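See structure below.
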Amino acid sequence: MRYLAIDIGDKRTGLAIGDDQTRMVLPLHVLEVPTAERGGEAWLEALHRAIADQVAPHAEAELVIGLPLNMDGTEGPRAAIVRALAARLAEMTGRAVRFQDERLTSADADWAMARTGMTRGEKKKQRDALAAAAILRDFLAARLDEGAGPGCQMPGDQASPRADGGTTDREPE
């Protein structure tokens, strides 16, 4: 199964791609579109284009979205915003949406760039894509540890609608 990871930020959204066969994850790029622009429509349109460009040939690709949990594991206001955007994205794309705890993924990205010689501006442009890659690595590792079938779910996940009228909720293989 192929996955596109999404690290949603207020101003930038990082993207990474990978699959559960090879466990390889590749940071892609960062979308510089604020999530609040035009009520989120500009962000959804930009992300929909990016998804079409990156995973169009892979009909079964799923989306893995970083869920910003509080350090104690609870969901706060930011998680509710991300879940709402994810629901709109699932409806727009017809793709399965899974959530992955994104705590400390930005710190992981900063650590990865610490001694690269990149300028602060260069790091800023890469940080969110690297955070998306960390989200996807964690997602794939959790699936491996749990022996999960396609797509693991976090508490509160619901099946996402598909374009064919079905849902993405599947029984484990």
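Each value in this text was obtained by applying a stated rule to the coordinates, not by laboratory testing. Values in this document were obtained by computation on a predicted structure and should not be read as measured data. Note that we place each Cβ from the backbone using ideal geometry, even for glycine, and neighbour counts take in every protein chain shown.
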Can you work out the Karplus-derived ³J(HN,Hα) for every residue in the range 87-95? Use 6.51 cos²θ - 1.76 cosθ + 1.60 with θ = phi - 60°, whole Hz, and x for glycine or proline.
5, 5, 5, 4, 5, 5, 9, x, 9
So, with points 7 Å from each Cα along the Cβ direction, the Asn70-Arg103 label distance in nm works out to 1.1
Quick query: amide H of Leu28 versus all other amide H atoms, modeled in the peptide plane; which residues come in under 5 Å with a sequence gap of 5 or more or a different chain?
Leu15, Ala16, Ile17
Highest first, please rank the peptides 67-80, 88-101, 16-29 by the mean number of other Cβ atoms sitting within 10 Å of their residues.
88-101, 16-29, 67-80
If you take all C-alpha pairs in the range 2-146, what percent of them are over 22 Å apart?
35
Between Lys123 and Arg49, what is 0.36 nm times their sequence separation minus the Cα-Cα distance? Round to one decimal in nm.
24.2 nm
If each of Leu144 and Glu41 carries a label point 7 Å out from its Cα toward its Cβ, how far apart are those two points in nm?
4.3
Provide Rg and Dmax in Å for the range 66-124, with only Cα atoms included in the calculation.
14.9, 41
